[in-house]
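Read-outs: derived from the displayed coordinates by stated rules, not from any lab. Remember, it's a predicted structure, so these values are computed and weren't measured experimentally. Positions of Cβ are backbone-derived with ideal geometry, glycine not excepted, and every protein chain shown enters the neighbour counts.
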Amino acid sequence: MSLMNEKLIKAVIGVVLVFGFAMPASAQSAKIGVVSLQAIVERAPQTKAVMDALREEFAPRERQIVAKQKEIEDLQAKVQKDLAVMGEAERRNAEKDLRDLGRDFERMRTEYQEDSNLRQNEEFGVLQRSILKEVQEYAQAQGYDLIIGDGVLYVSGSVNITEAVLNAVIANYEASSN
């Protein structure tokens, strides 16, 4: 078993050495850039447009939820106020009504949250694919050989092209909306 591990280690070292010597010669002529897709998505005007459209799409349901919550609060206040003069059956009916309204409210809120999250994920998926396409188009137009995205721990200003790509994304958005 140790002989096999030793051979594997020697093979890995050999491959690393071969690529280590071959890499510097080819990497010198490669044009490399680093892009923070997260920063572009956060600052792109398309993101604001998507968020505004989603807010508008879900505004009626949000108003329904707020109205249901107000209805529950009003009924609770009425029950509390009239508790002393209510009969046993009337009190049970009021408690049942409150429970039913509470269940309806929770169901509405849960459905709203699930639908909102689903639509948000759909729209942001489309947005991310669009921005990724724009990054690729920018890289090709500028002659980049390699663009590195998320997962980079450090990048110097000389290879960080996030601002340039963001400017291109903004320009393309403004051109398409005119």
Rounded, prolate or oblate: which one fits segment 61-166, using the alpha carbon gyration tensor with axes a ≥ b ≥ c (rounded when a/c is under 1.5, else prolate when a/b beats b/c, else oblate)? prolate
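So for segment 40-92, what percent of the C-alpha to C-alpha distances run longer than 12 Å? Display every interim value, and only then the final one.
Working: 1023 of 1378 pairs.
Value for segment 40-92: 74 percent of Cα pairs lie more than 12 Å apart.
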What whole-number distance in Å separates the alpha-carbon centres of segment 112-152 and segment 79-94? 57
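What's the ranking of 128-140, 82-94, 66-78 by average number of surrounding C-beta atoms within 10 Å, highest first?
Values: 128-140: 15.8, 82-94: 10.8, 66-78: 12.6.
Taking the mean over residues of other Cβ atoms within 10 Å, the ranking is 128-140, 66-78, 82-94.
Counting Lys and Arg as +1 and Asp and Glu as -1, each charge on the Cβ, what is the dipole of segment 69-178 about the Cα centre in debye, to the nearest 20?
Details: 13 positive and 22 negative charges, 51 e Å.
Here segment 69-178 has a charge dipole of around 240 debye.
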